[in-house]
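Structure record follows, encoded as structure tokens.
The values are calculated or read from the model by the stated rules, or taken from the named source; none is laboratory data. Every value quoted in this text rests on a predicted model; they were computed, and no experiment measured them. Using ideal geometry, Cβ is built from the backbone for each residue, glycine included, and neighbour counts are taken over all protein chains shown.
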Amino acid sequence: MYSKTKAICLILIIFLTVVFTIGCNKAPEITESKEKNNVSESYFPLTLTDQIGREVTIETQPERIISLSPANTEILYALGLEDKIVGVTDYCDYPEAVTTKEKIGGYEDPNIEKIISLKPDLIFSTGIYLKPVEELEKLGVPSVAIEPGDIDEMLDSIELIGKATGRYEEARAMVGDLRERIKKIEDMVADIPSDNRPKVLYELWHTPIFVAGPGTYVDDIIQRAGGENIAKDSGKEYPEYSQEMIVAKNPDIIVFSYHGTDGGETVESIMKRPGWDSINAVKNKRVYYIDENLVQRATPRLIDGLEEFVKIIHPDLFKD
């Protein structure tokens with residue numbers, strides 16, 4: 001009886017050992033949900049769908065990355081991938097450390113020979129680079145196009161870049177933090193009735209006057225911050241408005257920024273424009289400057305811009 005019990009125990013031990021060993025040596029699998037890109041971790045080779053609908057396969061974890069837009073570059077730095085960036089555009093300027101990276105040209109004229117010479121194994125592009133990207137893909141260099149249209153898609157782009165580079169967990173944590181900041185603001189303004197939401201004009205150039213319309217990051221920010229964009233019904237992303245149109249729209253708040261320059265305009269000069277003294281924003285001295293990169297560049301700094309806008313639109317919420 002003792003020998004039989006001992007034998008059974010021995011068989012059980014061997015069985016559990018085999019099961020445990022198989023479990024430990026099992027290759028990791030990618031877990032997918034209903035959305036194709038929603039994997040639990042980034043394993044390579046990895047196939048993703050980028051933000052212009054292209055299917056891209058990345059064979060190995062990238063070690064030499066080229067960014068073809070300032071927004072992509074900024075996200076790569078935010079994810080701690082600066083050491084893997086080997087080339088950026090002439091317009092990539094944030095963070096400051098990026099100025100030491102190799103330059104591959106501008107938006108419309110990337111230097112293909114220069115890009116090839118840098119031997120990238122992954123390129124982050126945008127929709128405007130489709131033709132040069134196709135040339136590079138023929139040479140075996142995959143490209144992921146990042147093309148967000150609003151804040152939610154910007155958050156998606158962070159996760160997409162994280163997946164493509166093997167930094168998915170870091171990207172997901174970053175997005176979680178950003179969503180918490182967004183929710184805090186949306187909760188602050190949620191109970192403000194629509195007729196109490198100030199009318200906002202965002203001016204991005206002055207001669208002629210161009211403003212932010214529907215389908216822009218600024219429009220998304222104004223709405224989330226508890227305001228009403230006076231150009232929301234313009235039908236264009238960046239419509240041209242006459243002085244008379246703006247006077248007729250009578251914005252309660254005017255916010256401006258001019259592509260990294262002062263544009264020769266200041267808060268004071270805008271308030272002194274002929275015929276504008278009847279505009280509520282001018283009468284109540286509610287004209288403000290904001291850094292364009294906080295509201296026009298699709299990076300985590302859009303949430304900084306959102307926080308700035310809610311302070312501008314609803315300063316009463318911050319009295320305490």
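Remarks
- Among the residues of the stretch 241-249, not a single one is under 11 Å from LEU201 (Cβ atoms), at pLDDT 95 or above, surrounded by 16 or more Cβ atoms within 10 Å (Cβ to Cβ) and under 22 Å from the mean Cα position of the chain (by Cα).
- Positions within the stretch 73-94 being touching a residue at least 40 places away in the same chain (Cβ under 8 Å) and loosely packed, with under 15 Cβ neighbours inside 10 Å, in sequence order: GLY80
- If you check ASP219, ASP233 for being under 26 Å from PRO300 (Cβ atoms), in the same structural domain as TYR289 (by TED's automatic domain parsing) and acidic (Asp, Glu), only one passes: ASP219.
- Where a residue in the stretch 252-273 is acidic (Asp, Glu) and its partner, wherever it lies, is modelled with pLDDT of 90 or more, with Cβ under 6 Å and at least six apart: ASP252/PRO198; ASP252/LYS199; ASP252/ASN280; ASP252/ALA281; GLU265/HIS206
- Failed condition for ILE230, given (1) more than 20 Å from ALA281 (Cα to Cα); (2) modelled with pLDDT of 95 or more: (1)
- The condition of being over 18 Å from GLN61 (Cα atoms) and part of a helix (DSSP H, G or I) holds for only one of LEU178, LEU160, that being LEU178.
- Some residue of the stretch 298-314 being free of Cβ contacts under 8 Å to residues at least 40 places away in the same chain, over 20 Å from PRO70 (Cβ atoms) and in a helix (DSSP H, G or I): yes
- Qualifying residue in the stretch 95-105 (condition: in contact (Cβ under 8 Å) with a residue 12 or more places away in the chain, over 20 Å from ARG297 (Cβ atoms) and in contact with a strand residue (DSSP E or B) (Cβ under 8 Å, 6 or more places away or on another chain)): yes
- Selection status of ASP177, within 18 Å of LEU294 (Cα to Cα), in contact with a Phe, Trp or Tyr (Cβ under 8 Å, 6 or more places away or on another chain) and not aliphatic (A, V, I, L, M): no
- Take the conditions (1) under 17 Å from ILE303 (Cβ atoms); (2) assigned to a helix (DSSP H, G or I); (3) of a type outside the set (Ser, Thr, Tyr); PRO148 misses just one of them, which is (2).
- Under the condition of being surrounded by fewer than 18 Cβ atoms within 10 Å (Cβ to Cβ) and more than 18 Å from SER157 (Cα to Cα), the residues counted in the stretch 293-311 number 2.
- Checking each residue in the stretch 186-220 for being surrounded by 11 or more Cβ atoms within 10 Å (Cβ to Cβ) and more than 24 Å from ASP233 (Cβ to Cβ) picks out only MET188.
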